[in-house]
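Taken together, the values in this text are just the output of simple stated rules run on the coordinates, not laboratory data. Predicted model only: the values in this text are computed from it and were never measured. Neighbour counts run over all protein chains shown; Cβ positions are idealised from the backbone, glycine included.
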Amino acid sequence: MLHPENNKACVRYYYLAARNGNSAEIIKVLNSQRYTIDVPLWEEDVILEPFYTRPMTKKEEHHCKGSETWKLFYNWNKLYADLSKNGAGEHELKELQDRQKNLMSAENILA
């Protein structure tokens with residue numbers, strides 16, 4: 001699926017909150033084909049909507065070769081390192097950090 005603002009392949013980020021003793025997960029989907037994703041869990045399947053969408057970098061496009069590719073992160077710093085390693089700019093890093101703050105605030109309110 002193409003990014004709505006520039007018609008390029010996109011990366012979507014999804015957040016699966018910690019539950020039943022499992023750590024929270026950030027799911028990065030390269031060359032994302034769908035807006036939502038289905039995550040099968042023992043208790044029940046969960047449908048997630050992205051909290052952030054951005055165009056793919058040239059390095060990411062080369063790496064996934066047109067296929068939808070999922071990467072899981074259990075640590076925000078590793079996600080930021082991955083973003084930098086793949087050639088994303090400061091603007092994308094700042095956007096993702098802002099989205100993280102919003103997610104953590106919402107999660108604290110719900111707790």
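Data overview
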read-out	value
Neighbour cut-off at most 16 other Cβ (10 Å), DSSP loop, trypsin sites (Lys or Arg not before Pro), region 5-74	K8, R34, K65
Fewest-first ranking of D45, D82, using other Cβ atoms within 10 Å as the exposure measure	D45, D82
Approximate spin-label separation W70-R34, in nm, with each point projected 7 Å along Cα-to-Cβ	1.0
Taking W76, W42, W70 and counting other C-beta atoms within 10 Å, the order from fewest to most	W42, W70, W76
Distance histogram in 5 Å bins (all Cα pairs of region 10-110, percent per bin)	2, 11, 23, 25, 20, 11, 5, 1, 0
Sequence-distant residues sharing a close amide H with F51 (under 5 Å, placed H)	Y13, Y14, Y15
Cross-link pairs K58/K94; K59/K101; K28/K59; K65/K101 - those with Cα-Cα distance over 22 Å	K59/K101; K65/K101
Amide H contacts under 5 Å for C10, placed H, 5+ residues apart	H3, N31, S32, M56
Sum of -39500 (n - 2.57) over DSSP H runs of 4+, divided by residues of the chain (222 nm, nearest 500)	-11000 deg cm²/dmol
